[in-house]
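Structure record follows, encoded as structure tokens.
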Amino acid sequence: MSRVISHLWFAENAREAVEFYVSVVPNSSIGRETIVPAETPSGPPGSVSIIEFKLCGQNFTALQAGPFDSFNHSFSIQVECDNQQEIDRVWDAFIDNGGEAEQCGWLKDRWGLSWQIVPRVLGEMVANRDRERAKRATEAMLTMVKLDVAALERAFNG
């Protein structure tokens, strides 16, 4: 059966990044690691590695193959959290590991990959049929760095 797998290209330290990701995101694991035995445009035999892993059951592949293109905001990984405690745990783990806080629940990890750490209820708030409530929640979110569930709920409820 066909699968869809997100592919992440790392210049270096892919194994370190993957080990960190699976330590922070629940229901995650590292699978097969392959060292490419042939010369590639990235270097001699053995210089490229491929690591298969899962984050919360979703398949990913990390390729360590030297500098090519840097990560940017056009691709991010969103972690939906059930409560503020989980948001704080995941957010703090990334920041404490060299990540940089950005706006609206976004952060950039120390390898340059963008993450969105959001409460699951935010999507429901923004999509709510009462567009005024949705607007209030959205406007509140736009003022935040790390998202605050209680403040979003207060804004949503008026």
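The residue that is surrounded by the most Cβ atoms within 10 Å (Cβ to Cβ), among those in the range 31-56 that are closer than 21 Å to Phe75 by Cα and of a type in the set (A, V, I, L, M), is Ile51.
Just to check your reading of the model, which residue among Phe94, Phe71 is modelled with pLDDT under 95 and either closer than 28 Å to Met144 by Cα or touching a Cys at 6+ places or on another chain (Cβ under 9 Å) (or both)?
On the way: Phe94 fails: modelled with pLDDT under 95.
Of Phe94, Phe71, the one residue that is modelled with pLDDT under 95 and either closer than 28 Å to Met144 by Cα or touching a Cys at 6+ places or on another chain (Cβ under 9 Å) (or both) is Phe71.
Only one of the numbered conditions (1) assigned by TED's automatic domain parsing to the domain that holds Leu113; (2) touching an Asp or Glu at 6+ places or on another chain (Cβ under 6 Å) is violated by Thr61, and that is (1). Scanning the range 59-99 for residues that are hydroxyl-bearing (Ser, Thr, Tyr) and either in a loop (DSSP other than H, G, I, E, B) or closer than 18 Å to Pro26 by Cβ (or both) returns Ser70, Ser74. Given the structure, is Asn72 under 30 Å from Glu139 (Cα atoms) and surrounded by 12 or more Cβ atoms within 10 Å (Cβ to Cβ)? In short, no. Show the residue pairs meeting these rules: Cβ distance below 9 Å; 6+ apart or different chains; first residue within the range 24-51 and in the same structural domain as Ile117 (by TED's automatic domain parsing); second residue of a type outside the set (S, T, N, Q) and not in a helix (DSSP H, G or I). Close Cβ pairs (under 9 Å, with a partner that is of a type outside the set (S, T, N, Q) and not in a helix (DSSP H, G or I)) do not exist here. Being surrounded by 13 or more Cβ atoms within 10 Å (Cβ to Cβ), touching a strand residue (DSSP E or B) at 6+ places or on another chain (Cβ under 6 Å) and farther than 30 Å from Thr143 by Cβ is true of Trp9. Note on the range 100-140: residues that are part of a loop (DSSP other than H, G, I, E, B) and surrounded by 19 or more Cβ atoms within 10 Å (Cβ to Cβ) total 4.
On the basis of being without any contact (Cβ under 8 Å) to a residue 12 or more places away in the chain, under 28 Å from Pro119 (Cβ atoms), out of contact with any helix residue (DSSP H, G or I) (no Cβ under 6 Å at 6 or more places or on another chain) and surrounded by fewer than 14 Cβ atoms within 10 Å (Cβ to Cβ), does Ser2 make the cut? Don't jump to the end; show me each part of the working.
Working: without any contact (Cβ under 8 Å) to a residue 12 or more places away in the chain: yes; under 28 Å from Pro119 (Cβ atoms): no; out of contact with any helix residue (DSSP H, G or I) (no Cβ under 6 Å at 6 or more places or on another chain): yes; surrounded by fewer than 14 Cβ atoms within 10 Å (Cβ to Cβ): yes.
So Ser2 does not fit the description; no.
The values are calculated or read from the model by the stated rules, or taken from the named source; none is laboratory data. Since we're looking at a predicted model, the values are computed, not measured. Quick reminder, even Gly has a Cβ in these numbers, built from the backbone with ideal geometry, and neighbours come from all protein chains shown.
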